[in-house]
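One structure below.
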Amino acid sequence: MSCRVVVGAQWGDEGKGKIIDILARDADIIVRYQGGNNAGHTVVIGDKEFILHLIPSGILRKNKLCVIGNGVVVDPEALLREIGMLEEKGIKIDSNLMISESAHVILPYHKVIDKRRGAQIGTTGRGIGPCYIDKMARCGIRMIDLVNPESLKKKLYANLEGSSEFDAGQIYNEYLEYGKKVKKYLANVSQVLNKAIVKKKDILFEGAQGTLLDIDHGTYPYVTSSSATAGGASTGTGVGPTRIDKVIGVVKAYTTRVGEGPFPTEFEKVLMEKIRTKGREFGATTGRPRRCGWFDAVIVKHAVTVNGLDEIVVTKLDVLDEMDKIKICAAYKYKGKEYKDFPADIDILENCEPLYEECGGWMKDTTSVTRYKDLPGNAKKYLSRLSKLLNVKIGMVSVGSKREQAFRI
Ligand code: IMP
């Protein structure tokens, strides 16, 4: 048995959905612990593509319990839509889904506020930040309140007192209906998970977004509002850190980010288009084109440190198949000084010059490679250079979107 945490080690969209789906084969329980439906985890099974925003990616495997922890913010409307989408595709959602009674609820005003104020950060507009603001301000509404009419009314009316923009009565009725529909999924998740650990069940924690979007360790203020790092798995589920056995980081063989914020290794236009097209780099949640750049070892080294990564999984290696030269940023230069470690000062990140190492490309199709030893020589050299710079072992490599296109090292 083991408790493993999977986190994004860049700015999200590293391919966590696919990796979770692979690792979920050996897991009993798959748990989301932070974020909400701002995430977009893509899993391809045969000729079917699933994009999951809120429900853990393990739902696509039979006989797995999928859990939404207290650290997640839940939009009930989006949740029910996702359940409907999965059921339409033949996946039954019943006792295989459990939601923490303590998870906070995204309300219509959170979405409106997010759309109004989030442009500077380039948020997904799903109401994530404003919902976490209410949580921290101790006026949030939790899933348990949806099944307690008195409590829901009291809190909702207090939050909307004096508002001419939102109709508390209408929201109350709408959310009471959601409460009836989600009641069967609600549980004391911390108790369930800790009992499962005693019974030696295998638990997989599915991080959303990525380390550089973490509220504490990311490129603040260009971050999301939750703890996307491994520590979030404990606070976001009520499973103590001593119970966690392994932390796995997922990285793309290059870098992408959606939304605003510093990105030292961002490509210029021609390369940007080339990689964006080849890697199909468009947001799974908002459809926005992702910004693309070279692999930045400074940010990933930071992710290795703050998550305590035991190993990394490198995804989308095949996207670099047609590059004759590949760069890795090993340090930043700013005002004559070299930075090998991630700087907290956003000004450095925005204005530094990335210092690159250059590797030879392999100019060969890797999409059908199924064993590490069959990778082209330069691809192996590239991976081993990454591993050396990051001082962490590479546990798995992915060379395409399908389940079969991944192998362990
Ligand atoms: P929010 O999470 O909607 O508040 O957005 C804050 C920042 O995080 C924006 O730059 C978003 O583009 C980014 N973001 C949020 N969720 C994801 C994700 O799942 N993948 C990549 N970026 C994300």
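Of the candidates 93, 30, 275, which one comes out as most mobile in a Gaussian network treatment of the chain with C-alpha springs shorter than 10 Å?
In this elastic network of the chain, the residue with the biggest mean-square fluctuation among 93, 30, 275 is 93.
Within region 76-115, report the trypsin sites (Lys or Arg not before Pro) that DSSP leaves as loop and that have at most 14 other Cβ atoms within 10 Å. Please report the intermediate quantities before stating the final value.
Working: sites: 81, 89, 92, 111, 115; in loops: 89, 92.
Listed in order of number, the matching sites are 89, 92.
When the Cα centres of region 182-235 and region 1-78 are compared, how far apart do they sit, in Å?
If we compute the Cα centre of each part, the gap is 11 Å.
Could you tell me whether region 251-408 comes out rounded, prolate or oblate from its Cα gyration tensor? Rule is a ≥ b ≥ c as square roots of the eigenvalues, rounded for a/c under 1.5, then prolate if a/b exceeds b/c, otherwise oblate.
Numbers: a/c = 1.61, a/b = 1.33, b/c = 1.22.
In terms of gyration-tensor shape, prolate.
Which aspartates and glutamates have a Cα lying under 12 Å from the Cα of residue 184, excluding residues fewer than 8 positions away in the same chain?
Once the sequence-local aspartates and glutamates are set aside, what remains near residue 184 is 94, 101.
Using the alpha-carbon atoms, what tilt in degrees (0 to 90, nearest 10) does helix 168-182 show relative to the longest principal axis of the chain?
Computed tilt is about 70 degrees.
Work out how much length residue 44 to residue 270 would gain on full extension: take 0.36 nm times their residue separation and subtract the Cα-Cα distance, in nm to one decimal.
Values: separation 226, 0.36 × 226 = 81.36 nm, distance 2.87 nm.
Length difference between fully extended and current span is 78.5 nm.
Taking θ = phi - 60°, what integer Hz values does the Karplus form 6.51 cos²θ - 1.76 cosθ + 1.60 yield along region 223-235, in sequence order, with x for Gly and Pro?
9, 8, 9, 10, 8, 7, 7, 4, x, x, 5, 6, 5
Can you list which of the trypsin sites (Lys or Arg not before Pro) found in region 311-395 are DSSP loop residues with at most 10 other C-beta atoms within 10 Å? Walk me through the numbers before you get to the answer.
On the way: sites: 316, 325, 327, 333, 335, 337, 340, 364, 371, 373, 380, 381, 385, 388, 393; in loops: 316, 335, 340, 364, 371.
The qualifying sites are 335, 371.
Work out the FRET efficiency for residue 260 and residue 235 from their Cβ-Cβ distance, taking R0 = 41 Å, and round it to the nearest 0.05.
Details: r = 27 Å, r/R0 = 0.65.
Plugging the Cβ-Cβ distance into 1/(1 + (r/R0)^6) gives 0.95.
What lysines sit close enough to residue 135 to cross-link, taking a C-alpha to C-alpha distance under 19 Å and skipping anything fewer than 8 places away on the same chain?
111, 115, 153, 154, 155
Taking springs between alpha-carbon atoms closer than 10 angstrom, which of 164, 151, 226 fluctuates most in the Gaussian network model of the chain?
164
Tell me which aspartates and glutamates have Cα within less than 14 Å of residue 325's Cα, excluding those fewer than 8 residues away on the same chain?
Within the straight-line limit of under 14 Å, residue 325 reaches these aspartates and glutamates: 357, 358.
Give the longest segment of the chain that steers clear of GluC sites (Glu not before Pro) in DSSP loops with at most 12 neighbouring Cβ atoms within 10 Å, not counting the sites themselves.
Numbers: sites that count: 161, 165, 268, 404.
That gives 1-160 as the longest site-free run.
Could you check which residue among 167, 114, 13 shows the biggest mean-square fluctuation in a GNM of the chain with a 10 Å Cα cutoff?
167
Please determine, in degrees from 0 to 90 and to the nearest 10, the orientation of helix 189-198 with respect to the longest principal axis defined by the Cα atoms of the chain, where the helix direction is its Cα long axis.
60 degrees
Rounded, prolate or oblate: which fits the chain, taking a ≥ b ≥ c as square roots of the Cα gyration tensor eigenvalues, rounded meaning a/c under 1.5, else prolate when a/b beats b/c? If you can, show how the numbers build up before the last one.
Working: a/c = 1.92, a/b = 1.48, b/c = 1.30.
Prolate is the answer for the chain, as a/c is 1.5 or above and a/b outweighs b/c.
Stretched out fully, how many nm does the piece from residue 220 to residue 177 gain, at 0.36 nm a residue minus the Cα gap? Provide the component values of the computation, followed by the final result.
On the way: separation 43, 0.36 × 43 = 15.48 nm, distance 3.73 nm.
So the extension gain works out to 11.7 nm.
What is the calculated FRET efficiency for residue 335 to residue 357, with r their C-beta to C-beta distance and R₀ = 25 Å, to the nearest 0.05?
Working: r = 22 Å, r/R0 = 0.88.
Given R0 = 25 Å and the Cβ-Cβ separation, E is 0.70.
With r defined as the distance between the Cβ atoms of residue 85 and residue 25 and R0 fixed at 22 Å, what FRET efficiency is calculated, to the nearest 0.05?
On the way: r = 23 Å, r/R0 = 1.03.
Rounded to the nearest 0.05, the efficiency is 0.45.
So what J values fall out for region 88-93 if you push phi through Karplus, 6.51 cos²θ - 1.76 cosθ + 1.60 with θ = phi - 60°, rounded to Hz, Gly and Pro as x?
4, 8, x, 9, 7, 10
A short reminder: the numbers here are calculations on the coordinates, not readings from a lab. None of these values were measured; they are calculated from a predicted model. With ideal geometry, Cβ positions are generated from the backbone for all residues, glycine too; neighbour counts draw on all protein chains shown.
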